1. Can you tell me which residue among 263, 276 is within 14 Å of the chain's Cα centre (by Cα), farther than 14 Å from residue 176 by Cα and either surrounded by 19 or more Cβ atoms within 10 Å (Cβ to Cβ) or hydrophobic (A, V, I, L, M, F, W, C) (or both)?
2. Hey, among 6, 76, 47, 28, which residue is of a type in the set (Lys, Arg), surrounded by fewer than 19 Cβ atoms within 10 Å (Cβ to Cβ), out of contact with any Lys or Arg (no Cβ under 7 Å at 6 or more places or on another chain) and at pLDDT below 90?
3. Spot the failing condition for residue 291; the list is (1) touching a residue at least 60 places away in the same chain (Cβ under 8 Å); (2) within 24 Å of residue 188 (Cβ to Cβ); (3) assigned to a loop (DSSP other than H, G, I, E, B), and only one is missed.
4. When you check residue 152 against the structure, is it surrounded by fewer than 21 Cβ atoms within 10 Å (Cβ to Cβ), without any contact (Cβ under 8 Å) to a residue 40 or more places away in the chain, out of contact with any helix residue (DSSP H, G or I) (no Cβ under 9 Å at 6 or more places or on another chain) and not acidic (Asp, Glu), yes or no?
5. With the checklist (1) in a helix (DSSP H, G or I); (2) at pLDDT below 95; (3) within 22 Å of residue 87 (Cα to Cα) in hand, flag the one item residue 243 doesn't pass.
6. Scanning for something in a loop (DSSP other than H, G, I, E, B) and under 30 Å from residue 199 (Cβ atoms), does region 61-68 turn up at least one residue?
7. Tell me, yes or no, whether region 165-187 has at least one residue that is touching a Cys at 6+ places or on another chain (Cβ under 9 Å), under 23 Å from residue 265 (Cα atoms) and surrounded by fewer than 24 Cβ atoms within 10 Å (Cβ to Cβ).
8. Could you list, in sequence order, all residues of region 240-278 that are in contact with a Phe, Trp or Tyr (Cβ under 6 Å, 6 or more places away or on another chain), farther than 24 Å from residue 221 by Cα and in contact (Cβ under 8 Å) with a residue 40 or more places away in the chain?
Amino acid sequence: MLIMTKSVLAMMISFIFSIICALILIPKLKKLKANQSLSIYLEERHKEKKGTPTMGGLIFIIPTIISMVLLFLMKKIVFSYNLLIVIFTFLTYSLIGFIDDYLIIKRHNNKGLTENQKMIMQIVIAIVFFYLFMLAGNEPLLWIHTFNFKLNIGWFYGLFILFILVASSNAVNLTDGLDGLAGGLSVIAFLTFGLITWNTGWLAGYEDIAIFCFILIGSLLGFLLFNVKPAKVFMGDTGSLSLGATLGTLAILTRHELLLVIIGIVFVLETLSCIIQIIYYKLTKKRFFKMAPIHHGLEKEGWKENDIVKLFWVIGLIGAMIAIAFGVWL
């Protein structure tokens, strides 16, 4: 009960900080003309979004860190080794996204970091992550808790970590295309991992990691007040890469890597739609979907933006309920 109370209070604190941060940052981003560059394929349908500032990920990143530091100074949480790994990933991936957003804004187009540059940065972070992970005495295990199945995959686990971090960060990034879509799904996903983390008593610092999840949820809820349609700010790569990589980190630390597929079912579907589109086009020179990711394909089919977002939130919530039952209850 104590950890639940601390988590809820922490969420309320970060929610308030997030709103304050938004009220300060959004006017500054507008003044700096940190506007999102729209794809030429979406200009007609999303013309009302033109001029909306990006880099809004700072609205939930800054309050999350401030809330964590404040609670630490109040001696309400402890910065355990595993929690530092989570924060390391959270901040380093936000830095990659920030650089990408900055270059896009500076060049006034959608050309930020190249794919190779992003990949090199992500590989470096994954190597550091793997080193820190193993330094803590963790074993390179593929672990399915419900079936009590453990498989030591040795050095291959390093590649597995790289795949999870890259896949999860880019999956959230691809999903971030409609007002409130990625933010709302992230709230659901982090709520799920917060509950799962409460149940991992064997993980050193599990309580503080759970509190981090709820702090981030509070910050995201504050951000969503300004991101749901009509969005006053977009999270940009600054936010989406950070959120995705952090979800991957939580999956690795709690040993629920495979469960991440269910928790982030919409992120997975969005990514698969892009993969299918690319492969199908290379083979046939035709498009399988009218547009990918799938949320833009549904727009092309005539769906309203709000209806797509609500549908995907419901799908994400169903996936979360299944994951909680599988990862906590069973």
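1. Among 263, 276, only 263 is within 14 Å of the chain's Cα centre (by Cα), farther than 14 Å from residue 176 by Cα and either surrounded by 19 or more Cβ atoms within 10 Å (Cβ to Cβ) or hydrophobic (A, V, I, L, M, F, W, C) (or both).
2. Sole residue among the options that is of a type in the set (Lys, Arg), surrounded by fewer than 19 Cβ atoms within 10 Å (Cβ to Cβ), out of contact with any Lys or Arg (no Cβ under 7 Å at 6 or more places or on another chain) and at pLDDT below 90: 47.
3. All conditions are met except number (2).
4. So residue 152 passes the test.
5. (2)
6. No, because not a single residue in region 61-68 is in a loop (DSSP other than H, G, I, E, B) and under 30 Å from residue 199 (Cβ atoms).
7. Scanning region 165-187 turns up at least one residue that is touching a Cys at 6+ places or on another chain (Cβ under 9 Å), under 23 Å from residue 265 (Cα atoms) and surrounded by fewer than 24 Cβ atoms within 10 Å (Cβ to Cβ).
8. Across region 240-278, the qualifying residue is only 255.
The values are calculated or read from the model by the stated rules, or taken from the named source; none is laboratory data. The model shown is predicted, which means the values in this text are computed figures rather than measured ones. Note that we place each Cβ from the backbone using ideal geometry, even for glycine, and neighbour counts take in every protein chain shown.
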